[in-house]
Amino acid sequence: MKKGVIYSLIAGGVVLLGLVGVYLFGSVFSNSSPGENVFEVNKKSHSENINKPIEKQKTKIFLTVLDGSELIKTIDGEVFGCDDKLLPVVVGENLSPQETLDKLLSYVDDNNNLYNVFANMETPLQGKIVEGDNKVKRIELNGEGLGGGACDSPRIIAQLEKTMKQFPGFENMEMFFNGEPISHYLSERDDEDLTLLPPEGDKIYFGAFPDFGGPEDYVTAKKIVDFNDLVGKNIKWAYFSNNWGRDGLKFPLKKVEDIASTGTIPFVRMMPRKILDTAYDKNFSLQKIIDGKFDEEFHQYAKDVKNYGNMILIDFGLEMNGNWFPWSGALNGGGIKTKYGDPQKADGPERFVDAYRHIEDIFREEKVDNVTWFWHPDVYSDPDVAWNRQKNYYPGDDYVDWIGISAYGPQNPDEDYWDTFPEIMRDTQKNILEIPGIKTKPLVLLEFGVTDHHPLGRKDKWLAGAFEYILNPDSPLQFKAISPWHENWEEDDDLWATIRLDSSPRALATFKKYIANERFVGAE
């Protein structure tokens, strides 16, 4: 054998032995995949070394890329929750699990491209890592409120799990909040029977108010069946008013069961009023709600909802930025800042926020997990002043699952204007886009409609313009659900608001043409 060949074999053997050594050395000290953080494990003192890093490893946290953002179109990754994705962000080198958890709970993306569900909470959370039973890693979060909801609950779980599972030993970690399993506080995506999640992809839910009469509470299953037959598609939910002065401040179980019997989700409008035809009804004022005057009734209401056990949608105090309901900010302190709460905030909106939170907090105390909470202003504020903007009434992401808006054209033939739906959106979208949760919560057109027989415009064309806007992927406001108002009523001087979809053959034909689009989904 030639000398050169012998030298080559010797050199090859050395290299081979070296590679084996590297492999064995690596297998002893690391069980992580390439690119992940690697941590020392001392078998004699495992708990003492839980936070001890090896040098020169980048540490990441995982933040949410929201559905509908430009960024989500450019990245790969598994879709979760409300059609979101996760993206890693490097926050340092050699950080321990505890340091990484601290970063996750406080990190804010300065470019506003990524959403951190924890940094967006009303009050910051504190977190620590301990060893639970059988040395299982346990994340213990503590704070005043965890929030959650249809979209934020899966974000909380996904960001925590993905961030912490980059470290060895966290594969089967447990997560707690204020001493209880975190699942007790969250409506997780796994339980789709209890929480209304946004539809997948470009689908849009189709719900409605199917003409439950003048007080909006003459609920029957037949009304729903007749409406479905009229428009040619089954609605996802049926919207009705729970007028506390008519029903009593109690859960309207019979009406809810009638709706559910048709395979439709019951949608309850909590209406704190006793007298229906006036805005000056103080029987259930916001201040009385805040002061706990009705806490006994609210606790029983919450218990009854929990005992009902199926999905319920609730909308408390809708169109609060108008001046036509007793709970409006204008009639509960208005723009005055000296008679209630924070002297930097207008009393009217601040009272509404506190009343909204007060009710939902009672539902949380009763551990109700089958409610999806809607918050619902009008696109127009009346009075149209800065303190009465929609954003000032927002109770916070922790309290809201969906954001809804009302957008009506003229409601009787005597109103001397005719704004198309796209014109209404252009006039109001700036204020809507200023709502704090508008980028993180699904948006629903919760009420819309226009009168027929108006001298300045045609209802069928108004409806066509509305649907063209709703279906346009480039519209500034992207709706994940719509809910037309279907009712006629008599106004002053024998004028009629003809909002029903069948107010004329061509209005109904136009609606049926568009709602047949496969993007609109209702009950099966």
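The values are calculated or read from the model by the stated rules, or taken from the named source; none is laboratory data. Small disclaimer: the values here were computed from a predicted structure and weren't measured. Every residue, glycine among them, receives a Cβ derived from its backbone with ideal geometry; neighbour counts consider all protein chains shown. For accessibility, only protein heavy atoms count, side chains too; no ligands or nucleic acids. Shrake-Rupley method; radii C 1.70, N 1.55, O 1.52, S 1.80 Å.
If you go through segment 412-461 and keep only what is of a type in the set (S, T, N, Q) and modelled with pLDDT of 95 or more, you end up with THR420, THR428, GLN429, ASN431, THR451.
Give the number of residues within segment 106-124 that are of a type in the set (A, V, I, L, M, F, W, C) and touching a residue at least 24 places away in the same chain (Cβ under 8 Å).
4
A count restricted to segment 204-239 and to residues that are outside any helix (DSSP H, G or I) and closer than 30 Å to GLY68 by Cβ stands at 15. Taking residues in segment 224-236 that are in contact (Cβ under 8 Å) with a residue 24 or more places away in the chain, and partners anywhere that are in a helix (DSSP H, G or I) and charged (D, E, K, R), the pairs with Cβ atoms closer than 9 Å and at least 6 places apart or on different chains are ILE224/ASP258; LEU230/LYS512; VAL231/LYS512; GLY232/LYS512; LYS233/LYS512. Listed conditions (1) surrounded by 18 or more Cβ atoms within 10 Å (Cβ to Cβ); (2) more than 22 Å from the chain's Cα centre (by Cα) are all met by LEU196, apart from (2).
Each row is one residue, and each column tells you yes or no for (1) buried (at least 18 other Cβ atoms within 10 Å of the Cβ); (2) part of a strand (DSSP E or B).
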residue: ASP398; (1), (2): yes, no
residue: SER406; (1), (2): yes, yes
residue: ASP414; (1), (2): no, no
residue: ILE435; (1), (2): yes, no
residue: LYS439; (1), (2): no, no
residue: ALA466; (1), (2): yes, no
residue: PRO476; (1), (2): no, no
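Matching residues to (1) basic (Lys, Arg); (2) more than 24 Å from the chain's Cα centre (by Cα):
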residue: GLU434; (1), (2): no, no
residue: LYS441; (1), (2): yes, no
residue: LEU446; (1), (2): no, no
residue: HIS453; (1), (2): no, yes
residue: ARG458; (1), (2): yes, yes
residue: GLY465; (1), (2): no, yes
residue: ILE482; (1), (2): no, no
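Residue count for segment 315-343 satisfying the condition of being in a loop (DSSP other than H, G, I, E, B) and touching a residue at least 40 places away in the same chain (Cβ under 8 Å): 16.
Looking at ARG273, is it under 24 Å from MET320 (Cβ atoms) and not in a loop (DSSP other than H, G, I, E, B)?
On the way: under 24 Å from MET320 (Cβ atoms): yes; not in a loop (DSSP other than H, G, I, E, B): no.
The answer is no for ARG273.
Please work out which residue is nearest to LEU445 (Cα to Cα), limiting yourself to segment 483-511 and to residues that are out of contact with any Asp or Glu (no Cβ under 7 Å at 6 or more places or on another chain) and surrounded by 22 or more Cβ atoms within 10 Å (Cβ to Cβ). Residue satisfying both the conditions and the ranking: PRO484.
Every residue, every condition in (1) hydrophobic (A, V, I, L, M, F, W, C); (2) modelled with pLDDT of 90 or more; (3) in contact with an Asp or Glu (Cβ under 9 Å, 6 or more places away or on another chain), yes or no:
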{"position": "GLY127", "(1), (2), (3)": "no, yes, yes"}
{"position": "VAL136", "(1), (2), (3)": "yes, no, yes"}
{"position": "GLY148", "(1), (2), (3)": "no, no, yes"}
{"position": "ALA158", "(1), (2), (3)": "yes, yes, yes"}
{"position": "GLY179", "(1), (2), (3)": "no, no, yes"}
{"position": "SER187", "(1), (2), (3)": "no, no, yes"}
{"position": "ASP191", "(1), (2), (3)": "no, no, yes"}
{"position": "THR195", "(1), (2), (3)": "no, yes, yes"}
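Of the set (1) of a type in the set (Gly, Ala, Ser); (2) in contact with an Asp or Glu (Cβ under 9 Å, 6 or more places away or on another chain); (3) on the phi < 0 side of the Ramachandran plot; (4) modelled with pLDDT under 90, all apply to SER183 but (2). Taken together, the residues in segment 150-164 that are open to solvent by less than 10 Å² (accessible area, probe 1.4 Å) and closer than 23 Å to TRP402 by Cβ amount to 7.
In segment 348-365, is there at least one residue being outside any helix (DSSP H, G or I) and open to solvent by 60 Å² or more (accessible area, probe 1.4 Å)? Among the residues of segment 348-365, not one is outside any helix (DSSP H, G or I) and open to solvent by 60 Å² or more (accessible area, probe 1.4 Å), which makes the answer no. In contact with a Pro (Cβ under 9 Å, 6 or more places away or on another chain), modelled with pLDDT of 95 or more and farther than 19 Å from LYS391 by Cα: is that true of MET311 in this structure? Yes; evaluated as a whole, the condition is true for this residue. Of all residues in segment 366-383, those that are within 30 Å of TYR308 (Cα to Cα) and in a loop (DSSP other than H, G, I, E, B) total 7.
Okay, residues lined up against (1) at positive phi; (2) open to solvent by 70 Å² or more (accessible area, probe 1.4 Å); (3) modelled with pLDDT of 95 or more; (4) basic (Lys, Arg):
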residue: PHE251; (1), (2), (3), (4): no, no, yes, no
residue: ASP277; (1), (2), (3), (4): no, yes, no, no
residue: PHE284; (1), (2), (3), (4): no, no, yes, no
residue: LYS293; (1), (2), (3), (4): no, yes, yes, yes
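Which of the residues belonging to segment 119-146 are open to solvent by less than 10 Å² (accessible area, probe 1.4 Å) and under 15 Å from the mean Cα position of the chain (by Cα)? Selection gives LEU146 alone.
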